[in-house]
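Read through the structure below, which is laid out as structure tokens, and then see the notes.
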Amino acid sequence: MDHDGVTLRRAVRLTGIAVLIAVSALVCALAVGPTHVNLSEVLALNHQSLDYQKVVDYRLPRALAAAITGAALALGGVTFQVLVRNPLASPFVLGVSSGGSLGAALALSLGATFVGPWAFLGCLGAVVIVFLAGRRHGKLSSTSLLLAGVITNATLSAVITFINLVAAPSDRDRILRWLVGGLPESLDSSSLLLSAASVLVFLTHLLLRSRELNLMAVSDEMAARGCISVNRLRIEFFVTGSALTAAAVTLAGPIPFVGLVVPHLTRLAIGPDHRLTVPVAAFGGAAFVMLADMAAQSLWREPLPAGVLTAAIGGPLFLIMLRNLDRERAGLDG
Amino acid sequence: MRHPAFILLAVILASTCAKPPVPRSTVRVIAAATFDVPFPTLEACDPIPENAPKRLVCVIPSLTETLCALGFEDRLVGRDRWSDWPESIRRLPSVGDQRTLSAEKIADLRPDLVVMWPKLGDVRQALTQSFKLNVVAPETEADSAFAGIIQVADSLAVRSRGEKLVEKLQKEQVRIQKRFRERPSISMLVVLDRGQGSLYVIGDGSFLDSLFETIHATNVAPAGGGPWKAMSAEALAETKPDVILDLSLGGGAADVTEADVFWRRFPHFPAVKQGRVFVAHAPVLVRPGPRFYAAAEALAETIHGP
């Protein structure tokens, strides 16, 4: 059997496992929540029962939103880590989430009831700023992008702090809740479908471009040797990563660490080949956010935003990963 | 040993052993019991009709009090974290607060009416669309607090009770105004919260602002900025209030010490100089509910004297 055949079989097997994990997470997210549910009522498809409404009308859209957010953030992480060739890059490093947060903070301080459209406009604004600032002589450079992202992040964060300070205390609570990152209590089906469609489109795009992702992850020269226009690819990946982040941030706010931890965990588990990493990270990210939201909803006496849990789990997990990586490197050097 | 350096060292060491004088506190605490006032009783009301909601969840403290004043105390099945009056409702399950409100937890209490904040659009949508619940979200922060009471009474099918309550509150306000009209007017600033570098004070044009005219005081906060107006300490210095009422206390003893330390930073303020900085844990004074004017009267008695 040829090499591609082996990779395809491995990809199908690993993606199958990732799908299984994501489906299990979905079942957990439907069964466990802030209140008790009698599952027999749900399985009896009694539309009038409160338990049915809890699971089907409330938890299911929430879990799907969590899955879409997780997948988008994980794919955004994969893309940005290749784009800036920095393992510490996450979907938020290029300022996209700060833009979304600024839009949301502005909307909340002005008393808006729904912040999604504002967050999306904020993301879009930040993307345009970083794109224009990251170009040198008509070309996108990794270093310039990273610097432009860091500076945009810092500037927008300062504006968010200012808005937070001048906002009424009742609005400050809502701004804080949004900034921590959490799924809204209700989502209209159109925004859910739109986000799902965007994630699906960009997932397909990344799968089709997984060979180029592999080459770019090594070096620009390698990518150029593969007869690829490096600048065009950079723009493509920048747009893809930004759109995925914007979709996630618009849906659930800036949920931290997903885009950093999930791609790393995926690479640790299955290796650096993006033909495998892309689908597995997408389903892994979906499962991670679904489980984090489920735990955040049910662990404490009052539901918490999922971002609190992803940060609490993701931070230490990332430190452990770093430690293991250092040990491995020391072992190789030794 | 008589070297000046040794003498200086001895003086310095001796000075560190001396007990520093205990400074007089800059703040005067108004006991929480002062504001433990009842709401007006509604006599000779129409009975509650059959079609009125039987299970209520309210997540706005001022309107929880309103529901009780309208005669629905025994129909409440859930409350928010901050609804704490009357005492009987403290045993009810809490469904969170503005930051942590969960539609599922509210629905789990099987209410037939939910009274909630108008700004929490996503929770409201989940309650009405996923759980098919009736929700009323009256305006509470601006000068429409009375309109909010009528709106809630309407949704409870007891509009006449709501109108009676509003009438009683308006009469109560006029009575208190008359009682303190002859006292010297006081320039006052009411601090709602102390943030990092900012103070939040009662601004003009809100229901809370009516506190000043009720107790014969003037609000020295600059115009504009809404009910929760942000001010810098420097801007505060320019207002020169005779009285400062600091309502940012959480209720603990440590909060009083913290307030004392904070106001000690502004010794040139007339209110600080004259020992007229009052601190209190009095959520009732920031709730546009049925006990607001009774609490305002208790405050006026403290500030003006009985």
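The values are calculated or read from the model by the stated rules, or taken from the named source; none is laboratory data. Only a predicted model underlies this, so the values are computations on that prediction, with no experimental measurement involved. Using ideal geometry, Cβ is built from the backbone for each residue, glycine included, and neighbour counts are taken over all protein chains shown.
Of note:
- For the stretch B:177-208, filtering for residues that are at pLDDT below 90, touching a Pro at 6+ places or on another chain (Cβ under 7 Å) and surrounded by fewer than 19 Cβ atoms within 10 Å (Cβ to Cβ) leaves 1.
- All of (1) within 14 Å of chain A (Cβ to nearest Cβ); (2) assigned to a loop (DSSP other than H, G, I, E, B); (3) in contact (Cβ under 8 Å) with a residue 60 or more places away in the chain hold for B:LEU192 with one exception: (2).
- Of the residues in the stretch B:137-153, not one is surrounded by 19 or more Cβ atoms within 10 Å (Cβ to Cβ) and of a type in the set (Phe, Trp, Tyr).
- Any hit, the stretch B:236-257, residues being more than 18 Å from the chain's Cα centre (by Cα) and within 14 Å of chain A (Cβ to nearest Cβ): no
- Filtered residue count, the stretch A:157-197, keeping only those that are assigned to a helix (DSSP H, G or I) and either surrounded by fewer than 15 Cβ atoms within 10 Å (Cβ to Cβ) or without any contact (Cβ under 8 Å) to a residue 60 or more places away in the chain (or both): 18
- Yes/no for A:ILE255 being in contact (Cβ under 8 Å) with a residue 60 or more places away in the chain and more than 29 Å from A:PHE114 (Cβ to Cβ): no
- Helices (runs of 4 or more DSSP H) wholly inside the stretch A:7-110 that include at least 1 residues being within 13 Å of chain B (Cβ to nearest Cβ) and buried (at least 23 other Cβ atoms within 10 Å of the Cβ): A:60-83, A:96-109
- For the residues B:ARG79, B:ARG91, B:ARG99, the requirement of being of a type in the set (Lys, Arg), surrounded by 17 or more Cβ atoms within 10 Å (Cβ to Cβ) and more than 8 Å from chain A (Cβ to nearest Cβ) singles out B:ARG79.
- In the stretch B:102-132, residue farthest from the other protein chains (Cβ to nearest Cβ) [restricted to those that are among the acidic types (Asp, Glu) and closer than 12 Å to B:VAL57 by Cα]: B:ASP112
- Boolean, B:LYS168 is out of contact with any Cys (no Cβ under 7 Å at 6 or more places or on another chain), among the basic types (Lys, Arg) and facing another protein chain (nearest Cβ under 8 Å): no
- Residue count for the stretch B:269-306, restricted to those that are at negative phi and outside any helix (DSSP H, G or I): 15.
- Search result, residues across the stretch A:264-288 that are part of a helix (DSSP H, G or I) and either without any contact (Cβ under 8 Å) to a residue 60 or more places away in the chain or under 17 Å from A:LEU94 (Cα atoms) (or both): A:LEU265, A:ARG267, A:LEU268, A:ALA269
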